[in-house]
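What follows is a single structure, written as structure tokens, with notes after it.
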Amino acid sequence: MNNPNAQQLLEKLAKDLCIYMDKNNIRKPIFIGIRTGGVWVAKHLMALLNNKNELGILDITFYRDDFSRTGIQPTVKPSQLPLSVDDRHIILVDDVLHTGRTVRAALNEIFDYGRPASVSLAMLVQRDGRELPIQADVVGDSLTLNTTQHVKLSGPDPLTLEIVD
Amino acid sequence: MRHFLNIRELSSEQLTHILDTAESFTSVDGQAVKKVPLLRGKTIVNLFFEPSTRTRTTFELAAKRLSADVLNINIATSATTKGESLLDTLFNLEAMNTDVFIVRHPESGAADFIAKYVAPHVSIINAGDGKHAHPTQAMLDMFTIRKLRKDFSYLSVAIVGDILHSRVARSQIEALNILGAKEVRVIAPRTLLPASVEKLGVKVFQDCKQGLHDVDVVIMLRLQKERMQGAFIPSEHEYFQLYGLTPERLALAKPDALVMHPGPINRGVEISSEVADGPQSVILQQVKYGIAVRMAILSLVISPEQNGAAIES
């Protein structure tokens with residue numbers, strides 16, 4: 001399988017996100033990226049949409065469901081969310097949607113900061129293998145991979161995608 | 001890291017890992033719900049054989065902000081007063097399927113002793129043992145210094161007062177040396193200095209004027225009257241005259257020097273109110289950062305060992 005072109009996917013994602021926000025009447029959303037890949041994707045996305053607001057950054061380490069198996073990641077950093085998420089529309093951005101567990105952790109963390117008006121999910125790539133009832137609202141591309149394969153994002157500039165065995 | 005008993009067995013990388021993890025917990029303070037689910041279902045026991053306000057309450061808050069359950073055992077009113085031995089008390093608490101004991105004890109070495117006998121599923125954190133060590137206090141002091149001054153390698157730090165009875169000073173000296181501070185000084189009358197104190201890796205001063213000259217951080221210690229039998233100082237009044245931190249004395253240090261104190265402070269004995277409440281004092285920031293640092297240490301002792309990234313102690 002050829003590696004997807006990250007730049008093309010970003011442009012498609014930005015275009016589809018515009019249409020999605022228009023259709024759902026989402027005005028002045030807060031963009032939140034999930035560290036690390038989601039932050040890179042969100043920055044590129046905001047640049048393409050000419051959005052100069054502050055990007056929220058989530059580190060979901062303390063909300064993961066595998067702490068008792070893997071412990072604390074040595075790379076953990078503080079989350080940085082804009083002052084209040086109360087009554088705001090949120091565009092949650094990450095690189096690859098796979099099991100859905102990262103998004104579950106991110107949703108829990110967002111709700112510990114307040115009560116947003118809505119949360120929409122924008123993903124650069126989604127693949128098969130969901131373990132939770134979580135779907136993206138906007139995606140750059142959908143892939144079907146076998147269980148040994150995964151999608152690797154490198155960045156922050158330029159972003160490149162690679163399918164690794 | 002199964003237990004957290006003292007500083008000296010840890011490397012600079014391990015101390016830095018604790019400080020970095022603590023840094024990431026500072027954002028929890030800004031959440032509307034000041035809690036993360038990391039230690040949900042874990043039970044943490046505050047086992048205090050000696051009075052404490054700050055350490056016990058910040059450990060309790062740290063545990064609660066990690067969503068753990070906390071048991072506060074007040075030894076003064078517990079079964080040990082009915083003749084139960086220390087180890088029997090521990091075995092009973094273990095039988096309740098607890099995960100961490102936070103131990104404060106008046107005897108040096110108590111935490112190490114307990115760590116030798118506890119069941120494999122229990123971790124021990126030393127919250128101060130006699131005159132020996134108070135490693136979580138030292139870590140929150142290091143966190144405060146790093147937060148405000150970034151790099152240890154150009155810092156001169158003076159620790160002033162009752163070094164002899166101070167477990168805080170011992171742990172601070174170890175941590176500062178491991179993290180590569182330029183210079184660690186101790187300033188005290190000879191009666192309040194332990195024998196061969198130089199071997200701890202410090203420069204010794206008995207005169208405040210010389211000792212405070214040009215330092216970046218001044219750490220004041222409390223006179224530990226409860227550990228003193230006999231006359232170590234002529235009087236508190238005279239001690240304040242010679243060693244109390246007044247604005248005039250603080251002026252000998254660098255103009256932006258930080259003033260720290262592990263608490264509780266005795267105003268007019270080791271520090272004047274003017275300095276304790278003044279612009280250079282970071283005493284209350286130490287308390288605030290104590291929560292994030294204790295959250296980090298709690299989660300690291302409960303965290304399963306990782307390949308290469310684990311901390312042994």
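The values are calculated or read from the model by the stated rules, or taken from the named source; none is laboratory data. Please read these numbers as outputs of a predicted model, since none were measured by experiment. So basically every Cβ, Gly included, is an ideal-geometry build from the backbone, and we count neighbours across all protein chains shown. Surface accessibility is based on the protein's heavy atoms, side chains included, excluding ligands, DNA and RNA. Shrake-Rupley method; radii C 1.70, N 1.55, O 1.52, S 1.80 Å.
Only one residue in B:L164, B:L140, B:L148, B:L176 is among the hydrophobic types (A, V, I, L, M, F, W, C), part of a helix (DSSP H, G or I) and open to solvent by 20 Å² or more (accessible area, probe 1.4 Å), so which one is that? First the steps, then the outcome.
Details: B:L164 fails: part of a helix (DSSP H, G or I); B:L140 fails: open to solvent by 20 Å² or more (accessible area, probe 1.4 Å); B:L176 fails: open to solvent by 20 Å² or more (accessible area, probe 1.4 Å).
Criteria check complete, one pass: B:L148.
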Conditions (1) part of a loop (DSSP other than H, G, I, E, B); (2) at the interface with chain A (Cβ under 9 Å from one of its Cβ atoms); number of the one not met by B:S52: (2)
Please determine, by comparing only the residues of region A:48-65 that are part of a loop (DSSP other than H, G, I, E, B) and open to solvent by 70 Å² or more (accessible area, probe 1.4 Å), which one is farthest from the other protein chains (Cβ to nearest Cβ). A:N50
When A:A106 is run through (1) in contact with a strand residue (DSSP E or B) (Cβ under 9 Å, 6 or more places away or on another chain); (2) outside any loop (DSSP other than H, G, I, E, B); (3) buried (at least 16 other Cβ atoms within 10 Å of the Cβ); (4) without any contact (Cβ under 8 Å) to a residue 40 or more places away in the chain, the failure sits at (4)
Do the conditions hold for A:D141, that is, is it under 25 Å from B:S299 (Cβ atoms), more than 14 Å from chain B (Cβ to nearest Cβ) and part of a strand (DSSP E or B)? no
If you take the residues of region A:67-103 that are assigned to a loop (DSSP other than H, G, I, E, B) and more than 10 Å from chain B (Cβ to nearest Cβ), which of them is surrounded by the most Cβ atoms within 10 Å (Cβ to Cβ)? A:H98
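Tell me which residues, restricted to region B:224-281, are among the charged types (D, E, K, R) and farther than 30 Å from B:Y154 by Cβ. Show your work before the answer.
We begin by selecting, within region B:224-281, every residue among the charged types (D, E, K, R); these are B:225-227, B:236, B:238, B:248-249, B:254, B:256, B:267, B:270, B:274, B:277.
Those that are among the charged types (D, E, K, R) and farther than 30 Å from B:Y154 by Cβ: B:K225, B:E226, B:R227, B:E236, B:E238, B:R267.
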With respect to B:T57, is the statement that it is open to solvent by 30 Å² or more (accessible area, probe 1.4 Å) and either away from chain A (no Cβ under 14 Å) or within 18 Å of the chain's Cα centre (by Cα) (or both) true? yes
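Taking the conditions exactly as written (closer than 23 Å to B:P262 by Cα, crowded, with 17+ Cβ neighbours inside 10 Å and within 14 Å of chain A (Cβ to nearest Cβ)), does B:A68 satisfy them or not?
On the way: closer than 23 Å to B:P262 by Cα: no; crowded, with 17+ Cβ neighbours inside 10 Å: yes; within 14 Å of chain A (Cβ to nearest Cβ): yes.
When the stated conditions are applied, B:A68 does not pass them.
Given B:L5, B:L47, B:L86, which one is open to solvent by 10 Å² or more (accessible area, probe 1.4 Å), at pLDDT 90 or above and away from every other protein chain (no Cβ under 14 Å)? Spell out the reasoning first.
Numbers: B:L47 fails: open to solvent by 10 Å² or more (accessible area, probe 1.4 Å); B:L86 fails: at pLDDT 90 or above.
Criteria check complete, one pass: B:L5.
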